[in-house]
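K.L.:
Have a look at the structure that comes next, please.
What follows is calculated from the coordinates using simple rules that are stated; it is not laboratory data. Because the structure is a prediction, the values reported are computed rather than measured. All Cβ positions, even for glycine, are placed from backbone atoms using ideal geometry, and neighbour counts span all protein chains on display.
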Amino acid sequence: MYDVIIIGGGPAGLNAAMLLGRSRRKVIVMDSGKPRNRWAERMNGFLTSDGMNPREFIQKGRAELDKYGVELVDVVVKSATYTKGEFVVNDSNGKVYRSRKLLLATGLKDTLPELEGVEEMYGKSVHHCPYCDGWESRDKAIAVYGGPVHHGVGQALAMKNWSADVTLYTDAIDGLRREDIELLERNEVKIEQEKIARLEGENGMLRHIVLANGEKRPQQALFFSLGTEQQSDLGEQLGCEFTSDGVIRTKKLQHSNIPGLFVAGDAARDMQMVVVAAAEGAKAGVAINMELQQEDRK
Ligand SMILES: Cc1cc2nc3c(=O)[nH]c(=O)nc-3n(C[C@H](O)[C@H](O)[C@H](O)COP(=O)(O)OP(=O)(O)OC[C@H]3O[C@@H](n4cnc5c(N)ncnc54)[C@H](O)[C@@H]3O)c2cc1C
């Protein structure tokens, strides 16, 4: 019987494990090795670790847990249930684990544009988050890929913060509204409504967007925002409440609507960045320990 099972060994899960390990709790972290930013070479915006390779960040985090006796297992969790104050977790090898508290830190996955060439460029010159990668794209020829919702108008306007040269590509999905076109023109955002054939580049770096009519547009970075989904269905299995954005609704200190179940990081409701995920993990770690203290007090 563990005090706490943590599912997900990204920044949220590992930081929670650190606080709980330091609180002398019996903790296990179960992780399937797919952190959201595994596509990227650099992790930006985390004070003292700005620009660090995300894989190195995870390795360093795991190594730091060693001295606190935290168990780490590389495994996919298939199911989790809660009955009468006990969580029962099953991994994909059929092994069963039990705990008093459960932390879900299973993260999100991104919906990528369906464009030829996008996968090898994702995390290098194709990005979704300007706060993570806008600086590295500053003053470049930035393309914004519009999706069916709002056509990327807001993101195209936002990218003017980082470059004067911004073009919104609608990929021929519906038509832009007259007022959107006027707004973009007033803010000197270029508009391309032709269908995209493919992205062209080398070593993951975008060089051109090739249109269906054969024309090639020089572009050095592409930003998109097509939404996310939960990386695991464990929140649903456990009966968590979700927001309309598809993240798990959490209360103060990362409590969910299920007693003893906490959620931290991208899977939970808040801004999605490494430093925020790690901070939420720390908050959850302290809150879980406080609940255990209360329960054990004679
Ligand atoms: C391309 C890209 C670049 C990014 N760049 C930056 C950046 O520069 N700076 C920044 O602050 N943020 C960046 N982000 C965002 C950042 O990746 C996330 O905010 C952060 O990883 C969230 O941490 P997390 O611990 O919540 O989830 P994750 O890091 O996604 O970790 C979740 C973990 O849970 C595991 N897991 C999921 N389901 C299961 C299961 N069923 N069983 C076992 N394990 C499971 C996964 O394998 C994974 O290891 C970037 C994201 C992307 C996609």
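K.L.:
What percent does the relative contact order of region 118-224 come to when contacts are Cα pairs within less than 8 Å and at least six residues apart? Please report the intermediate quantities before stating the final value.
P.N.:
On the way: 216 pairs, mean separation 35.7, N = 107.
This gives 33 percent for region 118-224.
K.L.:
Compute log10 of I(q)/I(0) for the chain with the Debye formula, placing one identical point scatterer on every Cα and leaving out solvent, at q = 0.06, 0.12 Å⁻¹, to two decimals.
P.N.:
Scattering profile of the chain, log10 relative to I(0): -0.24, -0.81.
K.L.:
Under 22 Å Cα-Cα from residue 26, which lysines qualify once same-chain neighbours fewer than 8 residues away are excluded?
P.N.:
Leaving aside lysines fewer than 8 places away in the same chain, those within reach of residue 26 are 60, 67, 78, 84, 95, 101, 283, 298.
K.L.:
Also, quick follow-up: Could you check the simple spin-label distance between residue 64 and residue 237, using points 7 Å along Cα→Cβ, in nm with one decimal?
P.N.:
Inter-label distance under the simple model: 2.9 nm.
K.L.:
If you take every residue apart from residue 257 with its C-beta less than 14 Å away from the C-beta of residue 257, what net charge results, scoring Lys and Arg +1 and Asp and Glu -1? Intermediate results must be reported in sequence, preceding the final value.
P.N.:
Working: positive: 249, 251, 252, 269; negative: 236, 241.
Net local charge, residue 257 excluded: +2.
K.L.:
Tell me, what is a quarter of the convex hull surface for the C-alpha atoms of region 69-163, in nm² with one decimal?
P.N.:
10.6 nm²
K.L.:
Evaluate the charge dipole of region 190-298 about its Cα centre and quote only its size in Debye, nearest 20, assuming +1 on the Cβ of each Lys and Arg and -1 on the Cβ of each Asp and Glu. Present the calculation step by step, with values, prior to reporting the outcome.
P.N.:
Details: 13 positive and 16 negative charges, 61 e Å.
Roughly 300 debye, rounded to the nearest 20.
K.L.:
Moving to a separate point now. For region 1-150, report the convex hull volume of the alpha-carbon atoms normalised per residue, in Å³, without decimals. List each step's numbers first, then the result.
P.N.:
Working: hull volume 23.2 nm³, N = 150.
It comes to 155 Å³ per residue, whole-number rounded.
K.L.:
Ranking 240, 129 by Cβ neighbours within 10 Å, fewest first, what do you get? Can you show the working numbers first?
P.N.:
Values: 240 21, 129 16.
Ordered by Cβ neighbours within 10 Å, fewest first: 129, 240.
K.L.:
What is the diffusion coefficient of region 118-224 in µm²/s, taking the Kirkwood radius over Cα pairs and the Stokes-Einstein relation at 37 °C with a viscosity of 0.692 mPa s? Show your work: numbers first, answer last.
P.N.:
Numbers: Rh = 13.6 Å.
After rounding, the answer is 242 µm²/s.
K.L.:
Find me the longest stretch of the chain that has none of the exposed GluC sites (Glu not before Pro), where exposed means in a DSSP loop (not H, G, I, E or B) with at most 14 other Cβ atoms within 10 Å. Don't jump to the answer; show the numbers that get you there.
P.N.:
Values: sites that count: 41, 114, 188, 215, 241.
Value returned for the longest uninterrupted segment is 115-187.
K.L.:
Cβ under 11 Å from residue 143's Cβ, residue 143 left aside: what net charge do those residues give with Lys, Arg +1 and Asp, Glu -1? Before the final figure, lay out the partial values.
P.N.:
Working: positive: 140, 190, 217; negative: 165, 171, 192.
Cβ neighbours under 11 Å give a net charge of 0.
K.L.:
What relative contact order, as a whole-number percentage, does the chain give when Cα pairs under 8 Å and 6 or more residues apart are counted?
P.N.:
Values: 650 pairs, mean separation 66.0, N = 298.
Relative contact order of the chain: 22 percent.
K.L.:
Rg over Rh of region 144-280, using C-alpha atoms and the Kirkwood radius, what does it come to? Kindly include the intermediate steps, with their values, before the conclusion.
P.N.:
On the way: Rg = 19.2 Å, Rh = 17.5 Å.
So for region 144-280, dividing Rg by the Kirkwood Rh gives 1.09.
K.L.:
Place a +1 charge on the Cβ of each Lys and Arg in the chain and a -1 charge on the Cβ of each Asp and Glu, then give the dipole magnitude about the Cα centre in debye, rounded to the nearest 20.
P.N.:
Working: 39 positive and 43 negative charges, 291 e Å.
Around 1400 debye, computed over the chain.
K.L.:
Which of 255, 127, 208 moves the most in a Gaussian network model of the chain with Cα springs under 10 Å?
P.N.:
Per the Cα network of the chain with a 10 Å cutoff, 208 tops the list.
K.L.:
Still on this model: Taking every DSSP beta bridge with both residues inside the chain, roughly what % is antiparallel (nearest 5)? Walk me through the intermediate numbers first.
P.N.:
Working: 25 of 57 bridges.
Just about 45 percent of them are antiparallel.
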